[in-house]
Amino acid sequence: MEYTHRYRSPLGGITLASDGDALTGLWFDGQKYFLDTLCKEHQEKRLPVFEQARLWLDLYFSGKAPDFAPPLDPRATAFRKAVWDILLSIPYGQTMTYKEIAGKIARQNGLARMSAQAVGGAVGHNPISLIIPCHRVVGANGSLTGYAGGIGRKLSLLTLEKADLSKLFIP
């Protein structure tokens, strides 16, 4: 059984999902791939993992970098999980390019190179937005592109984190 919980953020409603132990989803209402990995049968329920996620979100939206994360269990291929592990390493207020992530994945797998487009697909299908910070990924030229929650939200999140936006642009 999967469970859901609602959270009201300054950037709109958020749906959280859990298997009862770990967070399996966090989506802005209406974002691309919204509820993509959520089972059809689920119920609204208060759980300790949702309370941890709520605390994380409250800290985050108050402009503070949370120093913890609730237990996470994103369901996906090994490739996507490897990309999401790299996203988790991007510091609060910093960005990384799809190309840089592709280079890291290539080195981890002993490859000469990796497709930035393949990385983009994994980033775009991240089921636990914000906590797995896909909004911190930008194009190699500084373009704010590819955020399933919308470019406006991506810009708002980076602004909240006081990221250096001077070399970034909306295409």
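Of Lys64/Lys99; Lys64/Lys104; Lys99/Lys162; Lys45/Lys154; Lys45/Lys81; Lys99/Lys167, which sit over 25 Å apart, Cα to Cα?
Among Lys64/Lys99; Lys64/Lys104; Lys99/Lys162; Lys45/Lys154; Lys45/Lys81; Lys99/Lys167, the Cα-Cα distance tops 25 Å for Lys64/Lys99; Lys64/Lys104; Lys45/Lys154; Lys45/Lys81.
How big is the C-alpha Rg of the stretch 119-171 next to the rule-of-thumb value 2.2 N^0.38 Å, as a ratio?
So the Cα radius of gyration is 1.03 times the expected 2.2 N^0.38 Å.
Provide the net charge surrounding Thr97, with neighbours chosen by a C-beta distance below 12 Å and charges set as Lys +1, Arg +1, Asp -1, Glu -1.
+3
In deg cm²/dmol and to the nearest 500, what is the mean residue ellipticity at 222 nm of the chain if only DSSP H runs of at least 4 residues count, each as -39500 (n - 2.57), divided by the residue total?
Only helices count here, giving -9500 deg cm²/dmol.
Please work out the average accessible area per residue across the chain, using the 1.4 Å probe convention, and give it in Å².
Heavy-atom SASA per residue in the chain reads 49 Å².
What figure in square angstrom, to the nearest 10, would you give for the accessible area of Phe61 with a 1.4 Å probe?
Rounded to the nearest 10, the figure is 30 Å².
Quote the charge dipole size of the stretch 13-171 about the Cα centre in Debye, to the nearest 20; the model charges only the Cβ of Lys and Arg (+1) and of Asp and Glu (-1).
540
In the chain, with Lys and Arg counted as +1 and Asp and Glu as -1 at Cβ, which of these residues, Trp84, Ser143, Ala122, has the Cα nearest the positive end of the dipole, that is, farthest along it?
Result: Ser143.
Going Cα to Cα from Lys40, which lysines come in below 20 Å? Please leave out same-chain ones fewer than 8 positions away.
Lys32
What distance in nm separates the simple spin-label points at Asp85 and Ala106, each placed 7 Å from Cα in the Cβ direction?
2.0
Which trypsin sites (Lys or Arg not before Pro) does the stretch 1-108 hold that lie in a coil by DSSP with at most 16 other beta carbons within 10 Å?
Sites meeting the loop and neighbour criteria: Lys32, Lys40, Lys45, Arg46, Lys64, Arg75.
Quick test of the membrane-span-like rule: which DSSP H helices of the chain reach at least 27 Å along their long axis (C-alpha atoms) with mean Kyte hydropathy at least -1.0?
none
The values are calculated or read from the model by the stated rules, or taken from the named source; none is laboratory data. Bear in mind the structure is a predicted one, so any value in this text is a computation, not a measurement. We place every Cβ from the backbone using ideal geometry, glycine too, and count neighbours over all the protein chains shown. The area values use the complete protein model at the heavy-atom level, side chains included, leaving out ligands, DNA and RNA. Shrake-Rupley method; radii C 1.70, N 1.55, O 1.52, S 1.80 Å.
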